[in-house]
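K.L.:
Mind having a look at this structure? Questions to follow.
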Amino acid sequence: MSEFIIELKNVSRYFGSVIALQDINMQVKLGEVHCLLGDNGAGKSTLIKTLAGVHKPSEGEFLYEGKPMTLTSPRQALDLGIATVYQDLALVSLMSVTRNFFMGRELTKGWGPFKYFDTQTANKIAVAGLAEMGIEVRDPEQAIGTMSGGERQCLAIARAIHFGAKVLILDEPTAALGVKQSANVLKVVAKAKARGLAVILITHNVHHAYPVADRFTLLNRGQSLGTFLKADVTREEVLEMMAGGQELADLESELAEFQRADSADNDGGNHALDAGQAATNSMQKAANG
Amino acid sequence: MSTASIESTTNSRSDERIREVSKIKKLLNRPDFGAMSGVILVFIFFAFVAGDSGMFAADGILNWSTVSAQLGVLAVGACLLMIAGEFDLSMGSMIGFAGMVIAIPALYWDWPVWSSILLAFTTAMAIGWFIGYIVVRTGLPSFIVSLAFLFILRGLTIALSILFTNKTIVSGVDRVAENDWLAPFFGGEFGTGFFTWLASIGAISTYNDGSPLVSGIPMIIVWCVVLAVVASWVLFKTSFGNWIFAAGGDAKAAKNVGVPTDRVKIILFMFTAFCATLYASCQVLEFGSAAADRGLLKEFEAIIAVVIGGALLTGGYGSVLGALFGALIFGVVQMGIFFTGISSDWFRVFLGVMLLAAVLFNNFVRKRITQAS
Ligand SMILES: Nc1ncnc2c1ncn2[C@@H]1O[C@H](COP(=O)(O)OP(=O)(O)OP(=O)(O)O)[C@@H](O)[C@H]1O
Ligand SMILES: [Mg+2]
């Protein structure tokens, strides 16, 4: 068996004339958190959707546990143990918490044609899953149209965690969350990693990405600028990668702030860096790694 | 705050953010609440207006419940499909078509009746599959696709029956169906022994020769009940039911989490075709004739019943029981107006008003459920 659970080889994805992804190579390891970085429209969501079985790659190869494979549906990906939190959450407002939680993967009881949806157990699991995210559900049978944005996001995450046996994909999971819930999500990500799952995380928040991630892959306008191990990059460099090397002037003040914060913990005089220097550093690393 | 203290607070008293919701509020949130109250109102109204007209005698009851059950069979199919977010406007034409598919082979080609019944079900469901396939494949609104089939099937029925029989009404199916094993399941009656017994103890009125005025329950009523119970169970208690709600609520979201929405929709188009054929079979085998223009406008009546029953036209919400109530309101009012001798034009006025009221009410309910989004 391969060392990687998922491998992409020269994967491209086109939508008509739009090139959403071009020649992407990526490897995802069990027990690692793999962070996808990139600007808005860089192709992050498109990339994870090809991993989730929503989009078929237009070109290139998808390998699962070392074997080439074509995912034809999200259902197939779920059967393989790949669960996804989509950016738009994929929830149905008119349906209840429990029905959303188990949508497509219903918990059944009984035999043959008399199999039925085991609502009671399902309710319990859904409530427990949300409690782990820090959300107290009032009534698991209530339609989620009445839930807050963050509560819905936690529901989508709890669902993916419950069904992701091997790979957990999170597309901006903390976008709508409060401080406590964001911390919970990161905790859950760390827990999943400790359980040996592979986690693919998309976020625009470096404070969320840096502490939990083991690897960073940088996307820019549909192309990969390379994968970096955490050991090889600093938080500042990550932040810079996320900005796509642009608007550095604006960033400088922010960087100065990090510097102060970092030098508070470790007397890091070596963090004195100027943005241009960091950019060259990361480019070199891209070339080496 | 530690987890232990959170738990102890939630255990010691229920969530402080739940307001006590009255039973009535809960009832109001049911999709079928509107139709349920409609049924009660309609019954009260006709109990006063037509109480002594025989509408609530055994044969009167049978009369309006048969009409309701006929529509109910169609409404159950239309209901599941509407919850899945689609329409089937070809149901009415399918009734005419299926009726002819039963009658022509049985009468003109000497097929045993059971085989022509099976042929009707298979052909209809194959057409249902085809309609569903076009809808999910092209992504076109089912409204348009099934409207096309409304015309195609009606035209085909008339053209083919003229081609094969030179007529558009064929009768005599009851004669060839006499000793058929399958025909009684559609054209027969249920509980005849029970009604004879009721007559013998004088509980129901009889003809002069002592045979009961009501000899049994038409099979369409039995079918309607069976279909409604099964459909309701599937909708609320099974995985497939969850898929129906998901497909109608948000097909893209449902697909992304692994719900085979295309398959669900195709199966439900086959189910509406099945329901239409069931209606046709009962009609043809009970009355012994088939006509090419049967089932005219039935697709709209079914949709009206479903909407009165609380389903949202946009999908994702509704109940089979509601659709059944919708059909019952329909049947009771139609027959009640007949019994009271009011001009039947008023029936249409009533129908329109009822439909409008139901849609307004459903819209209000939907806003309550999704107000936070
Ligand atoms: N179904 C589609 N049809 C056409 N173009 C698409 C489709 N999906 C994505 N694209 C295009 O592909 C590009 C990448 O989109 P994607 O959603 O992957 O970006 P992203 O990196 O997730 O951005 P964000 O950070 O804003 O979520 C965009 O330019 C988008 O317009
Ligand atoms: Mg995105």
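The values are calculated or read from the model by the stated rules, or taken from the named source; none is laboratory data. Remember, predicted model here, so these are calculated numbers, not experimental data. Here the Cβ positions follow ideal geometry from the backbone for every residue, glycine too, while neighbour counts run over all protein chains shown. SASA here: full protein model, heavy atoms, side chains in, ligands and nucleic acids out. Shrake-Rupley method; radii C 1.70, N 1.55, O 1.52, S 1.80 Å.
K.L.:
Restricting to the stretch A:27-65, and then to whatever is of a type in the set (K, R) and away from ligand 2 (no atom under 13 Å from the Cβ), can you tell me which residue is most open to solvent (accessible area, probe 1.4 Å)?
P.N.:
Once the filter is applied, the top-ranked residue is A:K56.
K.L.:
Continuing with this model, one more query. Just to be sure I understand the filter: pairs with C-beta atoms under 7 Å, separated by 6 or more residues or on different chains, first member in the stretch B:252-263 and more than 7 Å from chain A (Cβ to nearest Cβ), second member part of a helix (DSSP H, G or I) and open to solvent by 10 Å² or more (accessible area, probe 1.4 Å). Which pairs pass?
P.N.:
Note: pairs meeting the criteria are B:T261/B:A251; B:T261/B:K255; B:D262/B:V136.
K.L.:
Only one of A:A156, A:A198 is away from ligand 2 (no atom under 16 Å from the Cβ), within 22 Å of A:R105 (Cα to Cα) and open to solvent by less than 40 Å² (accessible area, probe 1.4 Å); which?
P.N.:
A:A198
K.L.:
Condition (residue is away from ligand 1 (no atom under 16 Å from the Cβ), at pLDDT 90 or above and more than 19 Å from the chain's Cα centre (by Cα)) applied to the stretch A:81-89: is it met by at least one residue?
P.N.:
Within the stretch A:81-89 (the criterion being away from ligand 1 (no atom under 16 Å from the Cβ), at pLDDT 90 or above and more than 19 Å from the chain's Cα centre (by Cα)), the answer is no, since none of the residues qualifies.
K.L.:
For A:I24, indicate whether it is buried (at least 16 other Cβ atoms within 10 Å of the Cβ), away from ligand 1 (no atom under 16 Å from the Cβ) and aliphatic (A, V, I, L, M).
P.N.:
Judged against the criteria, A:I24 is not a match.
K.L.:
Looking at the stretch A:153-163, can you tell me whether even one residue there is closer than 24 Å to B:Y317 by Cβ and within 16 Å of ligand 1 (Cβ to nearest atom)?
P.N.:
yes
K.L.:
With the checklist (1) assigned to a helix (DSSP H, G or I); (2) touching a residue at least 40 places away in the same chain (Cβ under 8 Å) in hand, flag the one item B:W181 doesn't pass.
P.N.:
If we test B:W181 against (1) assigned to a helix (DSSP H, G or I); (2) touching a residue at least 40 places away in the same chain (Cβ under 8 Å), just (1) comes out false.
K.L.:
Let me ask another. Regarding B:V214, is this residue more than 14 Å from chain A (Cβ to nearest Cβ) and touching an Asp or Glu at 6+ places or on another chain (Cβ under 6 Å)?
P.N.:
yes
K.L.:
Do we find a residue being assigned to a loop (DSSP other than H, G, I, E, B) and either more than 16 Å from ligand 2 (Cβ to nearest atom) or free of Cβ contacts under 8 Å to residues at least 24 places away in the same chain (or both) anywhere in the stretch A:179-190?
P.N.:
Among the residues of the stretch A:179-190, not one is assigned to a loop (DSSP other than H, G, I, E, B) and either more than 16 Å from ligand 2 (Cβ to nearest atom) or free of Cβ contacts under 8 Å to residues at least 24 places away in the same chain (or both), which makes the answer no.
K.L.:
What's the number of the only condition in (1) open to solvent by 30 Å² or more (accessible area, probe 1.4 Å); (2) in contact (Cβ under 8 Å) with a residue 60 or more places away in the chain; (3) more than 16 Å from ligand 1 (Cβ to nearest atom) that A:P68 fails to meet?
P.N.:
(2)
K.L.:
Could you check how many residues of the stretch B:158-168 are in contact with a Ser or Thr (Cβ under 7 Å, 6 or more places away or on another chain) and surrounded by 15 or more Cβ atoms within 10 Å (Cβ to Cβ)?
P.N.:
Total meeting the criteria: 3.
K.L.:
Also, I was wondering about something else. Just to confirm my filter: which helices (runs of 4 or more DSSP H) fall fully inside the stretch A:74-132 and include at least 3 residues that are surrounded by fewer than 21 Cβ atoms within 10 Å (Cβ to Cβ) and more than 7 Å from chain B (Cβ to nearest Cβ)?
P.N.:
A:119-132
K.L.:
If a residue has to be surrounded by fewer than 24 Cβ atoms within 10 Å (Cβ to Cβ) and away from ligand 1 (no atom under 13 Å from the Cβ) to count, how many in the stretch A:164-176 make the cut?
P.N.:
So the answer is 4.
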